[in-house]
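The structure appears below as structure tokens.
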Amino acid sequence: MKTIASLREVFARIPDSKEPYTYPLEGVLTLICLAMMCGQNGEREIARWAQAQRWNLAERLGFPREQMPSLGTIQEGLRRIPPTQFTALVSDWSEQVMQSHGNPEGQGIAIDGKVVRGSRTDKQDAVHLLSALAHDLKLVLGQTPVPDHTNEIGGIDPLLADLV
């Protein structure tokens, strides 16, 4: 059976010009993914969830003793990687996980669009993402940004093309 890199190992491959840094980028990005997998969608929610999990996760993510990144550090971590690169890394990792579990016939894939909470600023509109989700694995297979105020149907073809 093929060994799959952890999500943290995948993020560790990203060159980070801010190193050395109190909170390594791969740890911050992994923390964000873990929080989102636990239903925390906004940056503030992620920061609160991180504080609640500090005893379990700080050491595993390479953070100083029982310390977790603040809201500002989480926001900076998201700015340190282009969204397309982040999405590509998570999608590639998801594909490896799916392949290692086989591809059961009849597995459902849902397509859904969401607005990323906390992504709207004074200078930028909210980010709209179209996602493909594997029901059986409870896993996001891929995401693609779509223009706001448009029909999401136009984003389905590029999203599915990335999955093939």
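The values are calculated or read from the model by the stated rules, or taken from the named source; none is laboratory data. What you are looking at is a predicted structure, and each value in this text was computed from that prediction instead of being measured. Note that we place each Cβ from the backbone using ideal geometry, even for glycine, and neighbour counts take in every protein chain shown. Each accessible area value is taken on the protein alone, full model and side chains, heavy atoms only, with ligands, DNA and RNA left out. Shrake-Rupley method; radii C 1.70, N 1.55, O 1.52, S 1.80 Å.
At a glance:
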read-out	value
Pairs, first farther than 12 Å from PRO24 by Cα in segment 57-77, second among the small types (Gly, Ala, Ser) and assigned to a loop (DSSP other than H, G, I, E, B), C-beta under 8 Å, six or more apart	ARG65/ALA58; GLU66/ALA58; GLN67/ALA58
Test: residue in segment 101-114 that is exposed (fewer than 15 other Cβ atoms within 10 Å of the Cβ), over 24 Å from GLU45 (Cα atoms) and in contact with a Lys or Arg (Cβ under 8 Å, 6 or more places away or on another chain)	no
Residues (modelled with pLDDT of 90 or more and among the hydroxyl-bearing types (Ser, Thr, Tyr)) located in segment 6-51	THR30
Odd one out for GLN40, checked against (1) in contact with a Phe, Trp or Tyr (Cβ under 7 Å, 6 or more places away or on another chain); (2) touching a residue at least 12 places away in the same chain (Cβ under 8 Å)	(2)
The lone exception for ARG80 - which of (1) farther than 21 Å from ALA132 by Cβ; (2) at pLDDT 90 or above it fails	(2)
Residue within segment 80-93 that is open to solvent by less than 50 Å² (accessible area, probe 1.4 Å) and not in a helix (DSSP H, G or I) present	yes
Residue satisfying condition, being part of a loop (DSSP other than H, G, I, E, B) and either of a type outside the set (Lys, Arg) or exposed (fewer than 15 other Cβ atoms within 10 Å of the Cβ) (or both), within set LEU34, LEU61	LEU61
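Yes/no per residue for (1) surrounded by 13 or more Cβ atoms within 10 Å (Cβ to Cβ); (2) of a type in the set (Val, Ile, Thr):
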position	(1), (2)
GLN40	yes, no
GLU66	no, no
THR73	yes, yes
GLN96	yes, no
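Here's the yes/no breakdown for (1) modelled with pLDDT of 75 or more; (2) assigned to a helix (DSSP H, G or I):
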{"site": "THR73", "(1), (2)": "yes, yes"}
{"site": "GLU76", "(1), (2)": "yes, yes"}
{"site": "GLU95", "(1), (2)": "yes, yes"}
{"site": "MET98", "(1), (2)": "no, yes"}
{"site": "ASN103", "(1), (2)": "no, no"}
{"site": "ARG117", "(1), (2)": "no, no"}
{"site": "THR144", "(1), (2)": "yes, no"}
